[in-house]
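Participant: There's a structure below that I have some questions on.
Just so it is clear, none of the values below were taken in a lab; they were calculated from the coordinates. In this text the structure is predicted, and so the values were computed from the model without any measurement. With ideal geometry, Cβ positions are generated from the backbone for all residues, glycine too; neighbour counts draw on all protein chains shown.
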Amino acid sequence: MSSRDARFDGQFITGVHSTGIYCRPSCPAATPKPANVSFYLTAAAAHEAGLRACKRCLPDAVPGSPEWNIRDDLAARAMRLIGDGTVEREGVPGLARRLGYTPRHLTRVLVSELGAGPLALARAHRAQTARMLLVNTELPVADVAFAAGFGSVRQFNDTIAAVYERTPSELRHTVRRAPSPSPSPTSPAPASDSLHECGHIAGSASRGRHFARTGEPEEPGLTSISLRLPARAPFDGRGVLGFLGTRALAGVETRAPDSYARTIRLPNGFATVDLHLSGTDAAPTITCDARLSTLADLAPLVSRVRRLLDLDADAQAIDSALASDAGLAASVTATPGIRVPGSIDPEETLFRALIGQQVSVAAARTALTRLAAAFGDELPGAAESDPLRRLFPTAERIAAHGRDVLRGPMARINAIIGVAEALASGELVLDVGETRHELESRLTAMPGIGPWTAGYVAMRVLGSPDILLTSDLALRQGAGRLGLPAEARALAARGAGWAPWRSYAGMHLWRAAGTPVAFLQSDAAPVVVAAQ
């Protein structure tokens, strides 16, 4: 905090009791006396301590904490579900039921470990979503309240006043007029570089594009919103978008060199999102242009996009740890900030993994595109020529009709249909609130699912950072190209030193498998690998 180190923005909160505010670590204000400072893991804990958000550094306008993916305990699982809007949809009893505990025990654990109970944590999440909408869009205040998950405008007004000490309208106009904080000479990254969601950035661009509901939406009932989502630097945005784009299914997804777009099924409806790179190397962002059938789904959409692109990863810590192994050092230098792609829909990710087993990416894409064309729900008003016109099929549709289009060994088809039937009946449930052990155990108990599929799904759905899929042939080929052991047992032994970041090491090995050996052994390797 004293050095105003922006690398830790979003990883903890600084509470200053003499002024009654909480700040990000890189806040440019004068360093307070140690006796007046407390540190918190969450903004909700600072709210519970009676503190309000700093008007100068805007501590909510930063990437989220990577802790909830690194940890797999009850508190982390609860935070993943709260971020996805479970409390707004199901209440605290529903959250506790998903986690397998009573509401009382869950509240006791969260207060003890995070400094606030589930209601306070959800309230803080709603306040952060509301602030983002107020300063990024021209949505009416009542619509902002609804989109952020508040039950009433009065509740919304009271919360904003308590957290930010302003009315919603004052917050919207004051933040947009506020100048950027002055860079600190002692800070490795100025605090102003991290204000990716602030109104003065989005507002300056809004004259040339729509950032809110249009007067006459392109399609009836759809709301168009554009947001800038901050990523923790360094950020290999091209790499993660390229991973998703290479696997894009016609009608469901589209790709371009620096962008990726797709349809999404959400708790209350559907949406389309167009994600493209923005910001700078020091302050990377993803611009998310979304069209939603209902604003109530905005908060879960943002949460799922952040998880899909792994925006909150502690990239500097990961790179530092992996670069300490001489076998990975060159790859880390070539591709700083590599990300593990997440999941926008756990069930879809499982079907993609099952259908993609032991076949090429192109063959899997062909089979999945055929499945989506046959059984995916068409978007209302979409024409056959629209690049985004259908949703990925539901488990119910695949269970009922999947045999009509699935090709390959009968054992694999039976496994896919069996999984679809289990998902449709509720026998198998996938969500971000599970532990890695629970998810993998439940999956491997299903006929036709082995450790590779279970581990891959856990890595994508839960964001588990420490999974090395040594049974994967391409991953072992990549290891061999980097001069690392190419035999599964030896690679696992070498990979023990990469903990707790083995998932990211695996991404480097996969990347190496797709790069010609001649280039990997040349001085041009950093440029070529980055381009791949």
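Participant: Return the Rg/Rh ratio of region 405-481 with Cα-based radii and a Kirkwood Rh.
Facilitator: On the way: Rg = 14.0 Å, Rh = 13.8 Å.
Taking Rh as the inverse mean 1/r over Cα pairs, Rg/Rh reads 1.02.
Participant: A further question on this structure: For Leu388, what charge total do you get from the other residues with a beta carbon under 10 Å from its beta carbon, if Lys and Arg give +1 and Asp and Glu give -1?
Facilitator: Values: positive: Arg262, Arg291, Arg389, Arg390; negative: Glu253, Asp274, Asp386.
Once positives and negatives cancel, what remains is +1.
Participant: Further question on the same structure: Kindly list the residues of region 240-280 that lie in the label zone of Trp452, defined by a backbone N under 19 Å from the point 7 Å along the Cα-to-C-beta vector.
Facilitator: Backbone N within reach: 247.
Participant: Right, here's the next one. Would you mind working out the magnitude of the charge dipole of the chain relative to its Cα centre, with +1 at each Lys and Arg C-beta and -1 at each Asp and Glu C-beta, to the nearest 20 Debye?
Facilitator: Details: 56 positive and 52 negative charges, 89 e Å.
Computed charge dipole of the chain: roughly 420 debye.
Participant: If each of Thr167 and Asp386 carries a label point 7 Å out from its Cα toward its Cβ, how far apart are those two points in nm?
Facilitator: So the two model labels end up 3.9 nm from each other.
Participant: Mind listing which trypsin sites (Lys or Arg not before Pro) in region 343-429 are in a DSSP loop and have 15 or fewer other Cβ atoms within 10 Å? Walk me through the numbers before you get to the answer.
Facilitator: Values: sites: Arg352, Arg365, Arg370, Arg389, Arg390, Arg397, Arg403, Arg407, Arg412; in loops: Arg389, Arg407.
Answer in residue order: Arg407.
Participant: Expressed as a whole number of Å, what is the distance separating the alpha-carbon centroids of region 122-163 and region 431-486?
Facilitator: If you average the Cα positions of each part, the centres end up 39 Å apart.
Participant: Now, a different point. Run the numbers on region 362-444 and let me know its relative contact order in percent, using alpha-carbon pairs under 8 Å that are six or more apart. Let's see the in-between values first.
Facilitator: Numbers: 62 pairs, mean separation 18.8, N = 83.
That works out to 23 percent.
Participant: When DSSP assigns beta bridges and you keep just the ones with both residues in region 7-146, what percent turn out antiparallel, to the nearest 5?
Facilitator: Numbers: 7 of 10 bridges.
If I count the DSSP bridges inside region 7-146, around 70 percent turn out antiparallel.
Participant: Another question about this same structure. Given a Förster radius of 45 Å and the C-beta distance between Lys33 and His401 as r, what FRET efficiency does 1/(1 + (r/R0)^6) yield to the nearest 0.05? Present the calculation step by step, with values, prior to reporting the outcome.
Facilitator: On the way: r = 68 Å, r/R0 = 1.51.
Given R0 = 45 Å and the Cβ-Cβ separation, E is 0.10.
Participant: Working from the alpha-carbon coordinates of region 1-149, get Rg over Rh, Rh being the Kirkwood radius.
Facilitator: Numbers: Rg = 15.7 Å, Rh = 16.1 Å.
Radius of gyration relative to Kirkwood radius: 0.98.
Participant: While we're looking at this one, here's another question. Under the rule a/c < 1.5 gives rounded, and otherwise a/b versus b/c splits prolate from oblate, where does region 299-365 land using the Cα gyration tensor? Walk me through the numbers before you get to the answer.
Facilitator: Working: a/c = 3.37, a/b = 1.39, b/c = 2.43.
Oblate.
Participant: How do 278-286, 416-424, 253-261 rank on mean C-beta neighbours within 10 Å, highest first? The partial results should precede the final answer.
Facilitator: Details: 278-286: 18.4, 416-424: 20.3, 253-261: 16.7.
Highest-to-lowest ranking by the protection proxy: 416-424, 278-286, 253-261.
Participant: Per the Kirkwood definition applied to all pairs of different Cα atoms, how many angstroms is the hydrodynamic radius of region 337-464? Display every interim value, and only then the final one.
Facilitator: Working: mean 1/r = 0.0655 Å⁻¹.
Taking every pair of different Cα atoms in region 337-464, averaging 1/r and inverting gives 15.3 Å.
Participant: Evaluate the charge dipole of region 12-77 about its Cα centre and quote only its size in Debye, nearest 20, assuming +1 on the Cβ of each Lys and Arg and -1 on the Cβ of each Asp and Glu.
Facilitator: On the way: 7 positive and 5 negative charges, 66 e Å.
So the magnitude is around 320 debye.
Participant: So which GluC sites (Glu not before Pro) in region 284-387 are both in a DSSP loop and have at most 14 other Cβ atoms within 10 Å of their Cβ?
Facilitator: On the way: sites: Glu347, Glu348, Glu378, Glu384; in loops: Glu384.
Those that pass, being in a loop and sparsely packed, are Glu384.
Participant: How much FRET efficiency would the formula 1/(1 + (r/R0)^6) give for Thr19 and Glu438, where r is the Cβ-Cβ distance and R0 is 56 Å, rounded to 0.05?
Facilitator: Values: r = 44 Å, r/R0 = 0.78.
In this case the efficiency is close to 0.80.
Participant: What net charge do the residues around Ala271 carry, taking every other residue with its C-beta under 9 Å from that of Ala271, with Lys and Arg at +1 and Asp and Glu at -1? Please list the in-between numbers first.
Facilitator: Working: positive: Arg265, Arg291; negative: Asp297.
Cβ neighbours under 9 Å give a net charge of +1.
Participant: Something else now. Is the shape of region 43-122 best called rounded, prolate or oblate, per the rule: a/c under 1.5 gives rounded, else a/b larger than b/c gives prolate, else oblate, with a ≥ b ≥ c the square roots of the Cα gyration tensor eigenvalues? Before the final figure, lay out the partial values.
Facilitator: Working: a/c = 1.87, a/b = 1.62, b/c = 1.15.
Prolate.
Participant: Subtract the Cα-Cα distance of Val429 and Arg370 from 0.36 nm times their separation in residues, and report this length gain in nm to one decimal.
Facilitator: Numbers: separation 59, 0.36 × 59 = 21.24 nm, distance 2.52 nm.
Roughly 18.7 nm would be gained on extension.
Participant: Evaluate the relative contact order of the chain (contact order divided by residue number), counting alpha-carbon pairs under 8 angstrom at least 6 apart; express in whole percent.
Facilitator: The normalised contact order for the chain reaches 12 percent.
Participant: When the Karplus curve 6.51 cos²θ - 1.76 cosθ + 1.60 is applied with θ = phi - 60°, which whole-Hz ³J(HN,Hα) does each residue of region 414-428 get, with x for Gly and Pro?
Facilitator: 4, 5, 5, 5, x, 5, 4, 5, 5, 5, 5, 7, x, 5, 10
Participant: Size of the dipole of region 72-154 about the Cα centre, Lys and Arg at +1 and Asp and Glu at -1 on the beta carbon, nothing else charged, in debye to 20? Don't skip to the answer; put the middle values down first.
Facilitator: On the way: 11 positive and 8 negative charges, 57 e Å.
That gives a dipole near 280 debye.
Participant: If you don't mind, there's one more thing I want to ask. Relative contact order of region 68-109: what whole-number percent is it, with Cα pairs under 8 angstrom and at least 6 residues apart?
Facilitator: Details: 27 pairs, mean separation 12.6, N = 42.
With pairs under 8 Å counted, the relative contact order is 30 percent.
Participant: I want the local charge near Gln155. Using Cβ-Cβ distances under 14 Å, sum +1 for each Lys or Arg and -1 for each Asp or Glu among the other residues. Walk me through the intermediate numbers first.
Facilitator: Numbers: positive: Arg123, Arg126, Arg154; negative: Glu88, Asp158.
In short, +1.
Participant: Something else: Got a sec? Charge dipole of the chain, +1 on Cβ for Lys and Arg, -1 for Asp and Glu; which of Ala256, Ala372, Cys288 is way out at the positive end?
Facilitator: Of the options given, the answer is Cys288.
Participant: So what does the Cα-only Debye profile of region 437-499 read at q = 0.17 Å⁻¹, as log10 I(q)/I(0), no solvent term?
Facilitator: One equal scatterer on each Cα of region 437-499 leads to -0.62.
Participant: What does the C-alpha gyration tensor say about the overall shape of region 86-125? Classify as rounded when a/c is under 1.5, otherwise prolate if a/b is larger than b/c, or oblate.
Facilitator: Values: a/c = 2.51, a/b = 1.10, b/c = 2.29.
Note, shape of region 86-125 comes out oblate.
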